[in-house]
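Worksheet: one structure, shown below.
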Amino acid sequence: MARRSADPRLDTYLAKRDFAITSEPAGTPKGRGGTTPPGPGPRFVVQQHDATRMHYDFRLEVDGVLPSWAVPKGPSYDPTEKRLAVRTEDHPLDYAGFEGVIPHGEYGGGPVIVWDAGIYHNLTSGRRGEVRPMAEALERGHVKVWLEGEKLQGAWALTRMSRDGNEWLMVKVKDVTADADRDPVADETRSVLSGRTVQEMGADRSAPTWHSNRAS
């Protein structure tokens, strides 16, 4: 029988995983019995994930869960690069500190590292210039955030391509941090938690599973 959460936003995440096999966190939403400590601001995390295809999972903390996108090519500092970002199921907050190897045969089987992590600031604005709450911005299909990570600093925008679809575009905003010559996906390949590359994590079957508060 599939595990269910007190928060229905996590039901899809829980239904896809067998927690007797995978070491991924089952998680409890913040404010509903969760143990994740408060941080200086809402968090973001980018997890490099070598599953069926290599991709980067971009996650933002919003109202106690992590809305998530799979970005096949990863984030770009070049404002002219439009990166596909496929919206996936919301993840529990505990997932922000997860890295390890998801067993093959399980959903998303393969190694995962925390490629980058930090806090973000909501820059999404309404027609009158007021800050639009993140939950409303997600519903409307456009968010703009300023990231303060170890690899990603500056503003990025995510825009849904169709009203009823899961395909979004992730684009670097033209600000002082934009740099078409910088490519952290190619040049900064190690985890900000363990220092491993995703290939090293996958090659070492004795690799520990991390549940770190560093991404909190």
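The values are calculated or read from the model by the stated rules, or taken from the named source; none is laboratory data. Computed from a predicted model, the values in this text were never measured in an experiment. Using ideal geometry, Cβ is built from the backbone for each residue, glycine included, and neighbour counts are taken over all protein chains shown.
Residue pairs whose Cβ atoms lie under 6 Å apart, sitting 6 or more positions apart in sequence or on different chains, and linking a residue in segment 67-94 that is within 23 Å of GLU188 (Cβ to Cβ) to a partner that is buried (at least 17 other Cβ atoms within 10 Å of the Cβ) and acidic (Asp, Glu), are SER68/ASP57; ALA70/ASP57. Answer yes or no: is there a residue in segment 5-14 that is part of a loop (DSSP other than H, G, I, E, B), modelled with pLDDT under 95 and under 18 Å from the mean Cα position of the chain (by Cα). Scanning segment 5-14 turns up no residue that is part of a loop (DSSP other than H, G, I, E, B), modelled with pLDDT under 95 and under 18 Å from the mean Cα position of the chain (by Cα).
Condition check for SER194 on (1) surrounded by 14 or more Cβ atoms within 10 Å (Cβ to Cβ); (2) farther than 30 Å from GLY100 by Cα; (3) among the hydroxyl-bearing types (Ser, Thr, Tyr): one failure, at (2). Considering (1) surrounded by 19 or more Cβ atoms within 10 Å (Cβ to Cβ); (2) farther than 26 Å from HIS49 by Cβ, the lone condition that MET170 does not fulfil carries the number (2).
Taking residues in segment 155-179 that are over 18 Å from GLY74 (Cβ atoms), and partners anywhere that are not in a strand (DSSP E or B), the pairs with Cβ atoms closer than 8 Å and at least 6 places apart or on different chains are ARG160/GLY141; ARG163/GLY141; LYS174/PRO79. Is it true that ALA137 is within 17 Å of LEU66 (Cα to Cα), without any contact (Cβ under 8 Å) to a residue 60 or more places away in the chain, small (Gly, Ala, Ser) and surrounded by fewer than 19 Cβ atoms within 10 Å (Cβ to Cβ)? When the stated conditions are applied, ALA137 does not pass them. Residues in segment 142-153 that are surrounded by fewer than 19 Cβ atoms within 10 Å (Cβ to Cβ) and either of a type in the set (A, V, I, L, M) or under 11 Å from TYR77 (Cβ atoms) (or both): GLN153 alone. SER191 falls short on exactly one of the conditions (1) free of Cβ contacts under 8 Å to residues at least 60 places away in the same chain; (2) in a loop (DSSP other than H, G, I, E, B); (3) within 23 Å of PRO40 (Cβ to Cβ), and that condition is (1).
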